[in-house]
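Written out below as C-alpha cells is the structure these notes cover.
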Amino acid sequence: MLYPLIASPKFIINIKDNEEYIKKFFDFYKKYKDVWTDIFILVDDEKNSLIESYKKIYASDVTSENPDIKKILELIFKLKSYKHSNIKLSENTDINEISYYLKRNGVKKIVQFPEYFDDEFINIKQLQPKIRLIDTSYENVIEEICSITRFSKKVFLNDAMIPLNVTNLSNRNIKDIKDVSNDPEVFTYIEKEKFKYYQLGFQTLIKEIYKSNFFQDELEIYVFTTLQHQKIKHLFDFVIKNYDDERVELWNNLSKFVVESIKKSIHVELGKSFNCVKDIVIKNHFKDFIKHENKENYEIYDRSIFVLDQNSAIEIRKGIDLFDEKSKNGLRADSGYHIRNYLAEEELQSARQIIEHPDYEPRKVHKPRKFN
C-alpha cells in the first residue's frame, strides 16, 4: 500500500505551539523511519503549491525560532525526493484542503495530520504479508493495487503466463503451428476457463486502474510477458520436419500473434480505459537467451504490477487471473492466489526486471537441404 502523507502548511505553522504534536510527529517518524520512502508519497498540485509553502516556512523566522519544525520539513523534503506526484486540483482548491480533495476522489487511506495521531491505522507488522484472495475482499485487493498506480502515468502489468492462457499454446496435443489459435470456440474446457479468467483479469485491472488514476488523459498501461522456447519447442520441431512457407511465416510471427491475442482478450466493453493500453511487449524469458541453473536474475522475475516513477510494485500470484465473477468475494477461491506489497529493493528489482530482458526473437528456421 502507498499512502499519501499530508501535513498541511497550516498544520506545520500551528505545530510550533503544540509540543505534544511535535513529539507525536517525531515518534511517528521513528516508527516508520525504515519505510519512510517506501510506503508514503507526497502529493502536490501542478504548481508545487504545497512544497512552495513549505519552502517559505523553512526560510522564515518560524524555523529559526523552532528547530523542530525545520527538522519536520526536512523529513518531508526527503520524501519528495523519493516519492511525489503533482496532480491537477479543481479550481480554487485550498492547498490546505488537499486531503479532502483526495478523499472526494476515492483515496481511502490517507495519513493526514493531526488526525492520524488519533487514528493510527497502519500496522507496521502487516506491511508485507501475503494477502490471500480467499481471506480478503474485492475492494481491498483493488485498493491495494490502485494505491500504487493512481499517482503514476505509466503502469506495467507483468505476467509470464499470458501467452499460454489467451491462446491454446499450452496444449501439448497441438503439434502443428497451423493449429495454434486464440479463438475460445476451439479451446478445450480447461483452456476456455483459463482464457475467461485472464480476460476478466485484464478487463478488471485496466478498468479499475483507469478509474482511480489522477492522470486519466495521460495514463499509459503496458503489458509485458515472455515466450520461452522450451515450452513451444514442439511447434518449432514440427515446422522443421514439415517445412513450408506458411508454417515458417507463422513461426516467425508468433510474437505478433500473441500480441493480437492479448488485444483480443482485453478489448471487450472497456471504453476509454482501453485506449490507455499503449503497448504489449513480448520479451525473451531469459536475459541472455540461456537458462543459468546457478545464476540469479536470469529466469526468475515475479508476476507483478509495478510503476517505475514511484519505484513501487505489488506481486500478483498466480498472475493477472485474480478475479472470479462466480466466487463470493469476486476473487479466485484458491489458496495459491495472493497479492503482496514489495518494499525491499531486491524484490522490486525482481518485479520489474522483465524490462531488461531482450525482446523475443524466434529461433531461426533453415530450409532443409533436400527440400524441393
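Read-outs throughout are calculated quantities, based only on the coordinates presented, and are distinct from any laboratory measurement. Bear in mind the structure is a predicted one, so any value in this text is a computation, not a measurement. As a convention, Cβ positions derive from the backbone with ideal geometry for all residues, glycine included, and neighbour counts pool all protein chains shown.
Run the dipole for segment 3-122 about the Cα centre, Lys and Arg Cβ at +1, Asp and Glu Cβ at -1, nothing else charged, and hand back the magnitude in debye, nearest 20.
With only Lys, Arg, Asp and Glu charged at Cβ, the dipole is about 400 debye.
Dipole of segment 113-258, Cα-centred, from +1 at each Lys and Arg C-beta and -1 at each Asp and Glu C-beta, to the nearest 20 debye?
Once rounded to the nearest 20, the dipole reads 640 debye.
Charges at C-beta only: +1 for Lys and Arg, -1 for Asp and Glu. How large is the resulting dipole of the chain about its Cα centre, in Debye rounded to 20?
About 1100 debye.
For a quick check of your reading of the filter: which trypsin sites (Lys or Arg not before Pro) in segment 32-61 sit in a DSSP loop and have no more than 14 other Cβ atoms within 10 Å?
LYS47
Which residues make up the longest stretch of the chain clear of GluC sites (Glu not before Pro) that lie in a DSSP loop with no more than 13 other Cβ atoms within 10 Å, not counting the sites?
The reported range is 121-217.
Highest GNM mean-square fluctuation, the chain, Cα pairs closer than 10 Å: which of ILE266, ILE15, ILE131?
It is ILE15.
Give me ILE13, ILE72 sorted ascending by neighbouring Cβ count inside 10 Å, so fewest comes first.
With the fewest neighbours first, ILE13, ILE72 line up as ILE13, ILE72.
Can you tell me the convex hull volume per residue for segment 3-122, based on C-alpha atoms, in Å³ to the nearest whole number?
102
Count charges around VAL186 for me, please; just the other residues with Cβ under 10 Å from its Cβ, Lys/Arg as +1, Asp/Glu as -1.
-3
For a quick check of your reading of the filter: which trypsin sites (Lys or Arg not before Pro) in segment 111-211 sit in a DSSP loop and have no more than 11 other Cβ atoms within 10 Å?
Passing both the DSSP loop test and the Cβ count: ARG172.
Beyond a 19 Å Cα-Cα separation, which of these cross-linked pairs lie in this structure: LYS207/LYS263; LYS154/LYS278; LYS211/LYS256; LYS231/LYS364; LYS10/LYS71?
The pairs that break the limit, which is 19 Å between Cα atoms, are LYS211/LYS256.
Return the ratio Rg/(2.2 N^0.38 Å) for segment 131-356, where Rg is computed over Cα atoms only.
Relative to the rule-of-thumb radius for its length, segment 131-356 sits at 1.03.
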